[in-house]
1. Would you calculate the separation in nanometres between label points at residue 198 and residue 340, each defined as 7 Å from the Cα along the Cα-to-beta-carbon direction?
2. Could you list 210, 150 so that the one with the fewest beta carbons within 10 Å of its beta carbon is first and the one with the most is last?
3. Among the trypsin sites (Lys or Arg not before Pro) in the stretch 96-131, which ones are in a DSSP loop with at most 15 other Cβ atoms within 10 Å of the Cβ? Mind listing them?
4. Could you put 78, 326 in order, starting from the residue whose Cβ has the fewest other Cβ atoms within 10 Å?
5. Residue 389 label point, 7 Å along Cα→Cβ, cut-off 19 Å on backbone N: hits in the stretch 336-376?
6. Can you return the aspartates and glutamates within cross-link range of residue 458? Criterion is Cα-Cα under 17 Å, with same-chain partners fewer than 8 residues away left out.
7. Loop-only GluC sites (Glu not before Pro) in the stretch 201-297, please: DSSP not H, G, I, E or B, and at most 13 other Cβ atoms within 10 Å.
8. Quick one: order 39, 190 by neighbouring beta-carbon count within 10 Å, fewest to most.
Amino acid sequence: MEIQSDHRPLEHNSGYNQHGVPFNPYLLNRADSMLPGETVGIVNYPLRSQLASEVHARPYEQLTAPVQASHLAILSDESLLGKEREMIGELCERFRVAPPSASARHHSADMGMFRLKWERHSEFSSYTFFHHAPFEQPFQETAISRVPADWLEQLPGQLLTAVHLALAPRDYPKQEIEELATLFASNTVTGSVVTGGAARVWTDFHIHADGFSRFLIQDDHLRSRQAGRLMQRLYELEQYRLLALLAFPLAQQYGQQLNRLDQALNSLIGEIVDIDNLEDERHALEQLTGLAAQVEQVASTTSYRFSAATAYYDIIRQRLAELREERIQGVQMLHEFMQRRLAPAMHTCQSVDQRIQGLATRIARASNLLRTRVDVSMEGQTKDLLRSMDRRARLQLRMQETVEGLSVVVLSYYLLGLVGYGLKGLKSAGIGINVELGIGIAIPVVLVAVFFGVRRLKRLAGHAGD
C-alpha cells in the first residue's frame with residue numbers, strides 16, 4: 001500500500017489565462033484549463049474557470065495506513081514567498097522532480113523517501129512531510145527525519161507549530177490508555193472515536209522534548225480520502241490553535257492599560273461635571289483628546305490580531321465539528337479539551353476587543369458633550385460681545401447725532417456772521433439797512449438751510465460707502 005500521489009507535472013502549475021488574469025491550472029483538469037472564450041455563443045467571464053475550480057483548491061492527500069507525517073507551520077510575511085519557492089525548487093532539484101512555478105502558492109511532490117506538501121497562507125506557510133512504511137514506535141523515526149537537515153535549517157520564518165502524526169494500520173496492537181500514555185511522555189491523554197467510528201485519535205496537546213506535539217490515529221476502517229482529511233484536520237487543529245492564541249498575550253498586555261485608561265476617563269468625566277469656566281473646559285477637552293489617541297493606538301495595534309484570532313477560532317470549531325467525535329469511556333474528548341482550555345482565552349480576547357471599542361465610543365461621547373459645552377459657552381460669550389458692541393454702536397450714534405446738532409449750530413453761527421458782515425458792508429456803502437433786523441430775519445433761513453445741507457451730505461456719504 002502506498003500514498004497516492006497528487007503530484008502534477010511542471011506545465012500544470014500556476015500562471016495566467018488568455019485574459020491576463022492569474023489562475024491555478026494545477027487545480028484544474030484539461031477541460032477547465034482549455035475553456036473556450038465563449039460557451040453556447042456567450043462570452044465567458046474571465047475568472048469563470050478559477051472561481052468554478054476554487055472548490056478543488058489544495059485537495060486532501062489520499063493516505064493508506066501505515067503513514068507517518070510531520071507538519072510545520074512557520075510564521076513569515078509575504079515578502080518571503082519568493083525565498084520559500086526557491087527553497088522548494090532546490091529540494092525538488094535534489095530529488096529530480098518538477099519544481100513549483102514562479103507564481104505558485106502551494107506545491108505537492110513525491111520525493112521518493114518522503115512526500116512534501118507546501119502551502120502558502122496569509123501570514124504563515126505550512127510544510128507537511130509524509131512517509132509510508134510500517135512502524136513499531138510511531139514517534140521514534142518520524143517523517144521529517146528523512147528530510148535533509150541542512151535544507152530544513154534554511155527555511156525562512158519562525159516556527160510556530162510542529163506536529164508528528166502517525167496513522168497506525170488496523171492490525172496495529174490495541175493498547176490500553178495507560179500504555180498509550182507512554183507514547184506521550186506519561187502526560188494526560190485526550191482521545192475519541194472520530195469519523196463515524198472509522199478511527200480513534202489520541203493526543204496530549206503537549207510539546208515534547210523534540211519540539212513536536214503528537215497525534216496517534218488508529219485506523220479501524222478509514223478510506224484513503226477519509227484518512228487524508230482526518231490527518232489534515234488534526235494538524236490544522238494544532239496549527240490554528242496556536243495561531244488563535246497569538247492574540248492572547250496582547251489581550252493580557254493591553255487589558256491592564258485599558259484599566260488605567262478607563263479609570264482616567266471616569267475621573268475626567270467626574271471633573272467635567274464640576275467645570276464652570278471655558279478655560280477648564282478646553283483643558284478637559286485636551287485630556288480627552290489624549291485619551292482618544294491612546295485608545296486608538298491600542299486599537300490599531302490589536303485589531304488585526306483579534307480579528308484573525310476570531311477567524312482562526314471559527315476554523316477550529318469547524319474542524320472539531322467535522323471530526324464527529326464519540327466518547328471513549330473515561331477519556332476527555334478533543335472538543336472538551338478545546339472548550340475548557342482554548343475557549344476562555346478566546347473569550348478574553350473578544351472581551352478586550354469589545355472593551356477597546358466601548359472605551360473609544362465612551363471617549364467620543366464625552367468629547368462630543370464637552371465640545372457642545374464649549375460651543376455653548378463660546379456662543380454665550382459671543383452673545384455678550386455682540387450686546388456690548390450694540391451698546392457701543394447706540395452710544396456712538398447718539399454722540400454722532402449730538403455732534404451733528406452742534407455742527408448745525410456752529411455752521412449757522414459762522415454763516416450768520418458772514419451775513420452780518422455783508423449787511424454792515426452795505427450799510428457803510430450808504431444803503432439804509434437795519435443790520436440787526438436783517439440778521440434776525442436770516443437766522444431761521446440759515447438754520448434750516450444748514451440742517452438740510454448736513455442731512456444731504458450724510459446721505460451722500462452713506463451711498464458712497466455702500
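Read-outs: derived from the displayed coordinates by stated rules, not from any lab. None of these values were measured; they are calculated from a predicted model. Don't worry about glycine lacking a Cβ; one is built from the backbone with ideal geometry, like all the others, and counts go over all protein chains shown.
1. With each label point 7 Å from Cα toward Cβ, the separation is 2.9 nm.
2. With the fewest neighbours first, 210, 150 line up as 150, 210.
3. Hits after loop and neighbour filter: 96.
4. Arranged by neighbour count, lowest to highest, 78, 326 become 78, 326.
5. Answer for the stretch 336-376: 375-376.
6. Those aspartates and glutamates meeting the cut-off are 401, 404, 466.
7. The qualifying sites: there are none.
8. 39, 190
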